[in-house]
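The values are calculated or read from the model by the stated rules, or taken from the named source; none is laboratory data. A quick note: this is a predicted structure, and the numbers were derived from the prediction, not measured. Glycine also receives a Cβ, built like all others from the backbone with ideal geometry; neighbour counts cover every protein chain displayed.
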């Protein structure tokens, strides 16, 4: 209360400048001052400043909590973003590895197919060469057999036609000549 009296006395000094006695109910400045002091007294009695301070403290606490929540959410978002970037890089590296492996496997398969084709061609060529060689051998054998049969038949005919040994010897020589010419 003493503080209130001091405050009133200090605040009343400008009001004294009004005309007439200041502490009169006819002085509007005095009435306004009393109404203001009563209003302030009512606010203090009902602890309005403390309520307003408490509400402001609660609001400040709520804002602080919201800021901390926003900061926490921002950090989580940054962690998620970094995680997604890492995953993206990992997936990119894996994709590049898969492509590289696929290329290597394709080249290896192409080389293997080429080698298989080469072996197949070599086997077929060898089989064809063997068939040709066999056919040549068969043809040569057949020609020799035919030549031998022809020579024997010619020799037999000559021997029948010629009667003497000297004539036969000449006939055999002629038959051999004939066979040699037919073979070449």
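Worth pointing out:
- You will find that of 119, 104, 74, 124, the residue that is at pLDDT 95 or above and assigned to a helix (DSSP H, G or I) is 74 and no other.
- Selection status of residue 62, touching a helix residue (DSSP H, G or I) at 6+ places or on another chain (Cβ under 9 Å), surrounded by 10 or more Cβ atoms within 10 Å (Cβ to Cβ) and part of a helix (DSSP H, G or I): no
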